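The values are calculated or read from the model by the stated rules, or taken from the named source; none is laboratory data. Please read all numbers here as calculations on a predicted model, not as lab measurements. Note: ideal-geometry Cβ built from the backbone for every residue, glycine included; neighbour counts use all protein chains shown. Just so you know, the surface numbers come from the protein's heavy atoms only, side chains and all, with ligands and any DNA or RNA stripped out. Shrake-Rupley method; radii C 1.70, N 1.55, O 1.52, S 1.80 Å.
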Amino acid sequence: MSDSYAIFTDNLGKSFGKMKAVRGLDLAVKPGRITGFLGRNGAGKSTTIKMLLGMMRPTTGEGTVLGKRIDCPRESVEMRRRVAYVSEDKRLYGYMTVEQIIAFTGSFFPGWRPEVAENLLGEYELPRKRKIKALSRGMRTKLALLLAFARRPELVILDEPSEGLDPVGIEQLLRAMAVQCAEGTTVFFSSHQIADVERVADDVCMMEKGKLVLRLSLDEMRKSYRQIDAVFPAAPPELNFRVPGILSVRESGRQLSFLASGDTEAIVDRARDLHAVSVDVAPVGLRDLFLEMVKER
Amino acid sequence: MFFRLNPATGQPLYLQLMEQIRHATETGALRDGDQLPGIRTLAEQLVVSPNTVVRAYTELEKEGLLELRQGSGAYVTLSSRTRRRTDRIQAARRRLQDLIADLRSEGLSDEEIRRAVEAEILYSAELTGKR
């Protein structure tokens, strides 16, 4: 089962003292696809990523990355040769120049593609001779991405890659992710830029308070998730429509708003039966869905 | 060929791409034997997941509108049936152009024309019971 996924976790958890950063996380990331990893600050995304990479020991549960067990040091080392990771803080050796770190990193990886490094160096307009400590935050991010992409990894894990990038830089990043994926690399990235995730991702995983709250493909979201607004002549007769697929109901005066997946027709029919004066059905964007999933209940 | 995908509509991106390719063959913007960009190129150009392009291309291949060859090239293959259909659609568009020009000269606004056309389509669909 876990072998058919690039990333798979079962009941994964991490506690820091009494604080449970990640609890009972079941993650499943399909190979050959681009998966966006969404969650509020402190939802447990970075902790999850660190456990996946063997940089932190899980308190409970288990998981595999490219079929290798994350809690087995030997397997984890083997896995990390095939996985590229760009961390949130993009730490790099400050005393090296851009050109030096590219040569240095390249020497570790047999699959290194100098032509990719060269192309991205040009596209990102990075100054070859400048020391890393003198690079701007955006440039450092681009350099870290270049080093990850030139390795021809089977899987690339990016933690907030668009942080510190300007709109042009973000566009270059998304394009690079599409190209990487076309060349067979599985892409897993966390981001707060929901609009970017919505453009380029195939699948989305959402975390809230240490748990996975939603995993779906964006095709599925576009096809079957709808926002339904029904206005009634007087206060809505009942809130509970007893129709499967309703994720949330909000009441505001004479209006009821539903977020639903699947059989939206049934909800529309039910609203009409209850004498709704108008019923509007609209597609649901990823932002709306995210806000709904992380709402305080 | 320029395609434009909108992530904010309630339609999967691969379906949008399929529709735009189909539309391009109907208007004659894409002809029999024309080559479409490779999967990587189009994904890079549109800044979408390559899986979107793969899905659109394979579905259109099943429909017989594209032929995929090794090296990820995609070629438009209009069967005589699709070609006849394309001709018919183009002829229909010419008739619509004339009709719209007439209605405009009679002082109708574009919005009024659009509403009238939509209402007629809806009405006749209801009469024949197909929707």
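Worth a mention:
- In this simple spin-label model, placing a label point 7 Å from the Cα along the Cα-to-Cβ direction at both A:D89 and A:S136 gives a separation of 2.3 nm.
- Overall form of region A:19-94 per C-alpha gyration tensor (a/c, 1.5; a/b vs b/c): rounded
- With DNA, RNA and ligands ignored, accessible area of B:V117 (1.4 Å probe; Å², nearest 10): 70 Å²
- Relative contact order of region A:177-227, pairs being alpha-carbon contacts under 8 Å that are 6 or more residues apart, as %: 22 percent
- Selection from A:N11, B:Q70, A:P58 lying farthest towards where the dipole of the protein assembly as shown points positive, charges on Cβ: A:P58
- Here's the list of aspartates and glutamates a cross-link from A:K295 could span, going by alpha-carbon distance under 17 Å and ignoring same-chain residues fewer than 8 apart: A:E208, A:E251.
- Applying a DSSP loop filter and a limit of 16 other Cβ atoms within 10 Å to the trypsin sites (Lys or Arg not before Pro) in region A:33-135 leaves A:R40, A:R91, A:R128, A:K129, A:R130.
- Net charge dipole, chain B: roughly 420 debye, given to the nearest 20, about the Cα centre with Cβ charges of +1 for Lys and Arg and -1 for Asp and Glu.
- Sum of -39500 (n - 2.57) over DSSP H runs of 4+, divided by residues of chain B (222 nm, nearest 500): -20500 deg cm²/dmol
- Residues A:V213 and B:A119, FRET efficiency given R0 of 45 Å [Cβ-Cβ distance, rounded to 0.05]: 0.55
- For the pair A and B, total buried accessible area rounded to nearest 100 Å², probe 1.4 Å: 1600 Å²
- Within region B:37-124, GluC sites (Glu not before Pro) in DSSP loop having at most 15 other beta-carbon neighbours inside 10 Å: B:E63, B:E106
- The distance between label points at B:A8 and A:E118 comes to 4.2 nm (points 7 Å beyond Cα on the Cα→Cβ vector).
- Cα gyration tensor shape of chain A, rounded if a/c is under 1.5, else prolate or oblate by comparing a/b with b/c: prolate
- Per-residue extension of 0.36 nm, minus the Cα-Cα distance of B:D34 and B:D110, leaves a gain of 23.9 nm for this segment.
- About the Cα centre, charge dipole magnitude for region A:102-224 (Lys/Arg +1, Asp/Glu -1 at Cβ), debye: 600 debye
- Å² per residue, accessible surface of chain B at 1.4 Å: 66 Å²
- Where chymotrypsin sites (Phe, Trp or Tyr not before Pro) in DSSP loops with at most 16 other Cβ within 10 Å are excluded, longest remaining stretch of chain A: A:109-297
- Cβ charges +1 (Lys, Arg) and -1 (Asp, Glu), total dipole of the protein assembly as shown, debye: 1560 debye
- Of A:K142/A:K211; A:K30/A:K50; A:K30/B:K62; A:K20/A:K223, pairs whose Cα-Cα distance is over 26 Å: A:K142/A:K211; A:K20/A:K223
- Shown here for region A:245-297: GluC sites (Glu not before Pro) in loop regions (DSSP other than H, G, I, E, B) with at most 11 other Cβ atoms within 10 Å, namely A:E296.
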